[in-house]
Amino acid sequence: MTRSPVRVVCPGSFDPVTHGHLDVISRAARLYDEVVVAVGVNVSKSRLFTADERLEMLREACAGFTNVRVEGFTGLLTDFCRQQDAQAIVKGLRAGDFDYELQMAQMNARLAPEVETVFLPTTPELAYLASSLVKEVASLGGDVTGLLPEPVRLRLLDRLAGRRTTET
């Protein structure tokens with residue numbers, strides 16, 4: 001008897017994608033048959049990069065994975081998982097995130113009991129990494145080399161330089 005392929009969703013805003021995100025995506029790609037990286041599009045939240053830019057950066061960053069595809073979504077993550085026929089949501093988990101992520105996982109379980117949530121602990125070397133922190137450091141002139149893919153780093157610096165130009 002053959003088993004059905006297991007498809008999972010790795011959600012996030014990815015504003016911008018970091019090596020921490022890519023670590024979770026690559027580990028999920030080794031564990032599951034197909035990984036759908038789901039870029040949340042929430043018009044009420046302010047982002048540095050547009051949804052299309054985030055999708056483009058992620059597609060470029062994930063190009064080396066044969067079993068990963070990148071999609072945007074709006075609305076409830078559980079609805080997106082159903083549309084994708086995904087069996088699980090895979091989330092990276094940093095030390096301080098547990099309470100919030102558990103609460104989200106429990107709400108998702110109520111909304112879609114057929115979709116499990118799987119937590120992958122962050123790799124210790126990347127446990128401090130967050131998009132918001134990378135953006136803050138870069139905006140203050142700090143070196144973020146090695147924290148995100150080089151093309152993404154260059155786009156980030158370009159975007160921040162453009163912001164500084166319009167603010168002066």
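Every number here is computed from the coordinates shown, using simple stated rules; none is lab data. On a predicted model such as this, the values are computed, not experimentally measured, just so you know. Quick reminder, even Gly has a Cβ in these numbers, built from the backbone with ideal geometry, and neighbours come from all protein chains shown.
Some notes on this structure:
- Within the listed set Thr78, Thr122, Thr66, the residue fluctuating most in the Gaussian network model of the chain (springs between alpha-carbon atoms under 10 angstrom) is Thr66.
- Part-to-part distance (alpha-carbon centres) for the stretch 111-165 and the stretch 9-77, which is given in Å: 12
- Angstrom value of the Kirkwood radius, inverse mean 1/r, which spans all Cα pairs in the stretch 7-167: 16.3
- Efficiency of FRET from Cβ geometry, Met107 and Asp85, R₀ 22 Å, rounded to 0.05: 0.60
- About its Cα centre, the dipole of the stretch 7-167 is roughly 200 debye, where the only charges are +1 on Lys and Arg Cβ and -1 on Asp and Glu Cβ.
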